[in-house]
Amino acid sequence: MVASNGEMKSKVSSDANGIGYVSIGYVDESINTVQFNGVEPTQKNVKEGLYTIYRPLNLLTKGEPDENVKKFIEYVLSEKGQEIVKNDGFLPVN
């Protein structure tokens with residue numbers, strides 16, 4: 001068991017027999033990926049629905065979010081926020 005994507009990537013990259021699951025934003029040359037039905041796990045293939053093993057990232061709140069939380073969510077979903085998501089190696093929602 002590991003606590004994060006980064007820790008999983010570190011463990012897998014240092015163990016020749018290691019296997020794990022990380023978000024696509026953590027995939028780089030230090031780890032090998034697994035094809036599913038002959039399809040490579042790339043952002044393009046996930047976005048086009050060709051690579052079907054994926055999980056969404058969600059923003060959750062406990063109850064109704066206050067104004068600061070609403071502003072944060074709006075920022076994350078804004079063009080600038082989604083550009084940050086994309087630049088960090090993850091798929092934007094739009």
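The values are calculated or read from the model by the stated rules, or taken from the named source; none is laboratory data. This one's a predicted model, so the numbers in the text were calculated from it and none came from an experiment. Reconstructed Cβ throughout: ideal geometry from the backbone, glycine too, with neighbour counts over all protein chains shown.
Considering (1) outside any loop (DSSP other than H, G, I, E, B); (2) within 27 Å of Lys11 (Cβ to Cβ); (3) among the basic types (Lys, Arg), the lone condition that Arg55 does not fulfil carries the number (1).
If a residue has to be touching a Leu at 6+ places or on another chain (Cβ under 9 Å) and either closer than 30 Å to Ile19 by Cβ or of a type in the set (Phe, Trp, Tyr) (or both) to count, how many in the stretch 58-90 make the cut? Total satisfying the criteria: 4. If you go through the stretch 10-52 and pick out every residue that is surrounded by 14 or more Cβ atoms within 10 Å (Cβ to Cβ), over 18 Å from Asn87 (Cα atoms) and aliphatic (A, V, I, L, M), you end up with 4. For first residues located in the stretch 58-73 and polar (S, T, N, Q), partners that are in a helix (DSSP H, G or I) and surrounded by 10 or more Cβ atoms within 10 Å (Cβ to Cβ) and lie 6+ apart or on another chain with Cβ distances below 6 Å form the pairs Thr61/Val69. Exactly one residue out of Glu79, Glu64, Glu7 is at pLDDT 95 or above, of a type outside the set (A, V, I, L, M, F, W, C) and surrounded by 11 or more Cβ atoms within 10 Å (Cβ to Cβ), and it is Glu7.
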